[in-house]
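For reference, the structure discussed in these notes is given below.
The values are calculated or read from the model by the stated rules, or taken from the named source; none is laboratory data. What you are looking at is a predicted structure, and each value in this text was computed from that prediction instead of being measured. For neighbour counting, all protein chains shown are included, and Cβ atoms are generated from backbone atoms with ideal geometry for every residue, glycine included. Side chains are part of the model used for accessible areas, which takes the heavy atoms of the whole protein and leaves out ligands, DNA and RNA. Shrake-Rupley method; radii C 1.70, N 1.55, O 1.52, S 1.80 Å.
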Amino acid sequence: KEAISTDRAASAVGPYSQGVSVRAGTLLFTAGQIGIDPGTGELVEGGVLPQFEQAMRNLSAILEAGGADLSNVVKTTVFFADLGDFVAVNERYATWFTEPFPARSAIEAPALPKGARIEVEAIAVRPE
């Protein structure tokens with residue numbers, strides 16, 4: 001396995017990699033991304049939607065650093081501090097992916113890192 005790292009996404013805030021590529025195969029796994037602005041290292045303000053947008057930009061940057069993009073994503077997991085935000089986020093989520101959409105799980109996890117409202121992780125198939 002090979003760690004993936006980019007300065008175009010928020011730095012890891014613990015002992016984990018931004019992403020991991022499996023050299024023996026084509027799978028790429030990302031760490032969960034929250035709405036941290038990589039330029040400031042701070043969580044973006046404005047609530048769940050701005051945080052989601054930043055988390056997706058971070059996720060995209062990590063995928064690109066690993067040789068993939070959002071069109072290669074086959075599975076996402078979205079962690080919500082409040083599952084009541086699902087409908088609003090779901091509308092924005094649809095703008096980041098095209099059909100066939102990735103499989104997805106949505107989970108309420110009220111204690112996300114840095115007080116984030118949302119976290120998104122992905123599994124992608126890196127093109128060969």
Here are some conditions: (1) in a helix (DSSP H, G or I); (2) crowded, with 19+ Cβ neighbours inside 10 Å; (3) of a type in the set (S, T, N, Q). Asn90 meets all but one. Which one does it not meet? (2)
Against the condition over 10 Å from the mean Cα position of the chain (by Cα), of a type in the set (Asp, Glu), loosely packed, with under 13 Cβ neighbours inside 10 Å and not in a helix (DSSP H, G or I), how does Glu45 come out, does it pass? yes
Restricted to segment 11-42, and to residues that are of a type outside the set (S, T, N, Q) and not in a loop (DSSP other than H, G, I, E, B), which residue is modelled with the lowest pLDDT? Val20
Does Ala81 satisfy being more than 17 Å from Arg126 (Cα to Cα), open to solvent by less than 50 Å² (accessible area, probe 1.4 Å) and free of Cβ contacts under 8 Å to residues at least 24 places away in the same chain? no
Being touching a Ser or Thr at 6+ places or on another chain (Cβ under 6 Å) and over 15 Å from Ala31 (Cβ atoms) is the filter; apply it to segment 95-127 and report the residue that is most open to solvent (accessible area, probe 1.4 Å). Arg104
Listed by first then second residue, the pairs whose first member lies in segment 102-128 and is at positive phi, whose partner is buried (at least 16 other Cβ atoms within 10 Å of the Cβ) and not in a strand (DSSP E or B), with beta carbons under 7 Å and at least 6 positions apart or on separate chains, are Lys114/Ile34
Restrict the check to segment 87-105 and report whether at least one residue is within 15 Å of Ile123 (Cβ to Cβ) and of a type in the set (Ser, Thr, Tyr). yes
